1. Filtering region 44-100 down to residues that are free of Cβ contacts under 8 Å to residues at least 40 places away in the same chain and among the hydroxyl-bearing types (S, T, Y), which residue is least open to solvent (accessible area, probe 1.4 Å)?
2. Please find, among Y92, Y54, the residue that is part of a helix (DSSP H, G or I) and over 29 Å from A33 (Cα atoms).
3. If D123 passes every condition in (1) in a helix (DSSP H, G or I); (2) without any contact (Cβ under 8 Å) to a residue 60 or more places away in the chain but one, which one does it miss?
4. Based on what the data block shows, is A103 within 18 Å of the chain's Cα centre (by Cα), without any contact (Cβ under 8 Å) to a residue 12 or more places away in the chain and in a helix (DSSP H, G or I)?
5. With the structure loaded, tell me whether F155 is over 23 Å from K8 (Cα atoms) and open to solvent by less than 60 Å² (accessible area, probe 1.4 Å) or whether it fails that test.
6. Going by the structure shown, is M97 over 27 Å from K41 (Cα atoms) and in contact with a helix residue (DSSP H, G or I) (Cβ under 9 Å, 6 or more places away or on another chain)?
7. Tell me the residue from L145, L130, L114, L134 that is open to solvent by 60 Å² or more (accessible area, probe 1.4 Å) and assigned to a helix (DSSP H, G or I), please.
8. For A164, state whether it is over 19 Å from L19 (Cα atoms), open to solvent by 90 Å² or more (accessible area, probe 1.4 Å) and of a type in the set (G, A, S).
Amino acid sequence: MLKKKSKKQLMEFSRSPKLSGKVNVCLGLPLTALWLLRCWKIDCWYNGTTILSYIVLLLMVGTGIYRWAFRKGAISDTVTLGGFSNRMYLRYRQLYMPVGIAAGFLLIFVFTALLTFIDDGIDGLTIQRLSEELATFGWMFILVLYKVLKSYVDFYEYYRSPEASRKKVD
């Protein structure tokens, strides 16, 4: 069979670390507060997933502070052009974040409902059970928010960067 050649391109470019640092701090602090509120609500302070989430959120905020306040000079970053996210960014620009977040949350909801349905059957698929499962998979909401915002900033910075700083990576 003939394989269709992908039109995706990995591009490397230079950019200021300030904006990505601001994203990490401005998203990391509220998400940490929401995560602490979630842990208080379902009383899961010492769960393995919770501890791993604390570490990830602290790293996110720490690297954000470093990039925003202390890092000098340009950093090299990569972005993939031609993929679904890039096409969505080029088409929607200002609506990229709301559409991306809504699509991610919808996927999480469908995934959670499907897992609950498989686990308990149609009789076990109640609002109470589904809300408990969505709270359990709360870390996926954090990943969706971060991924959408980070990819938006990456594409924004790429298209703002001078063409001389862009290189195709193979």
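The values are calculated or read from the model by the stated rules, or taken from the named source; none is laboratory data. None of the values given here were measured: they were computed from a predicted structure. So basically every Cβ, Gly included, is an ideal-geometry build from the backbone, and we count neighbours across all protein chains shown. What goes into the accessible areas is simple: the full protein's heavy atoms, side chains included, and nothing from ligands, DNA or RNA. Shrake-Rupley method; radii C 1.70, N 1.55, O 1.52, S 1.80 Å.
1. T50
2. Y92
3. Every condition holds for D123 apart from (1).
4. Values: within 18 Å of the chain's Cα centre (by Cα): yes; without any contact (Cβ under 8 Å) to a residue 12 or more places away in the chain: yes; in a helix (DSSP H, G or I): yes.
When the stated conditions are applied, A103 passes them.
5. No.
6. When the stated conditions are applied, M97 passes them.
7. L114
8. yes
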